[in-house]
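Down below is the structure, laid out as structure tokens.
The numbers here are math on the coordinates, done by the rules we state, and not lab data. Not measured: the values here are computed from a predicted model. All Cβ positions, glycine included, derive from the backbone under ideal geometry; neighbour counts span all protein chains shown.
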Amino acid sequence: MSAGQPPEKKNIPVDEAGAVREVLRGPLDAIHAFKTSRDEHLPDALPADPFPMLHEWVEYAKARNVQPNPTAMSLATVDDSGQPNARIVLCRGIDERDGSLWFFTNSHSAKGWEMSGNSKVAAVFHWDALDRQARVRGLAEPLAAEASDAYFASRTWEKRVGAWASDQSRPVVSRQALLDKLLNTLTRFGIDPANPPAADAILDIPRPPHWGGYRIVAFEVELWVGSNARIHDRARWTRPGPGRPWSAMRLQP
Ligand SMILES: Cc1cc2nc3c(=O)[nH]c(=O)nc-3n(C[C@H](O)[C@H](O)[C@H](O)COP(=O)(O)O)c2cc1C
């Protein structure tokens, strides 16, 4: 390819794309039938506290097993110029007692620096197959070290090595340079890359100080449910601060 020429376009062969559609047809048809057949709505009398219901929705999405990452949420932070920044993280816990969502990350990542400069965040779950959305706005704060230690210890040794090997959000010159960092990290923890331990082996790999959990203490929650038959339903709860009572209102969709 000479300079200035556009890169060659790689089309998926028709039969391959057809095969993919074939595999998806059954599940997609089932989801479509589910979505178009129902007329779900929120309770007429909205609960005083949205968290038990939000928790129930996340558990329901996990149980229905209709998407690979039912706990995935878009997390929006704000950078020091006031520009929002969003990415997916996994919600690893919902605490109904203080009305918070938990997630884990690298505090030296872009999101980590953004949250340390401005704790205002927003998160949104979308369960497409269930026609549900949940939005949360709140303030992010780091979890206690013990909670981060406990969660880190529950991860496989490969993920724990990965947390040391990746300076999340920083540039790296090449994929090979990244793999070299991983090799160096394995060696540092006495792991032979040519003969790695079993995936569930118990290895002593401590939590990096810059890796840990955050809780989003919510001051606003919105639950949205799509209805094919009639009209979508939507409700928002707000509270003036943690531990204070929520007030609920229904919103036009
Ligand atoms: C399904 C999915 C789940 C993810 N879960 C996490 C997570 O729990 N924590 C995390 O730090 N990054 C997670 N990521 C990667 C983030 O989306 C993001 O690329 C990374 O955290 C760097 O973001 P930042 O540069 O804005 O800090 C996930 C990505 C996907 C697609």
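A few remarks follow.
- Local electrostatic count at K120 - Lys and Arg +1, Asp and Glu -1, tallied over other residues with Cβ under 12 Å: -3
- Segment 68-95-segment 165-183 distance, computed between alpha-carbon centres (Å): 23
- Charged-residue dipole, Cβ positions (Lys, Arg, Asp, Glu), segment 162-235 about Cα centre, Debye nearest 20: 180
- Computed on the chain, with alpha-carbon pairs under 8 angstrom and 6+ residues apart, the relative contact order is 23 percent.
- For T156, T187, order by how many other beta-carbon atoms lie within 10 Å, fewest first: T187, T156
- For segment 132-247, dividing the convex hull volume of the Cα atoms by the residue count gives 194 Å³ per residue.
- Over all other residues within a Cβ to Cβ distance under 13 Å of L143, the charged ones net out to -2, with Lys and Arg as +1 and Asp and Glu as -1.
- Arranged from fewest to most other beta-carbon atoms within 10 Å of their beta carbon, R230, R155, R236 become R230, R155, R236.
- In this entry, the chain is assigned a mean projected area of 19.7 nm², taken as a quarter of its C-alpha convex hull surface.
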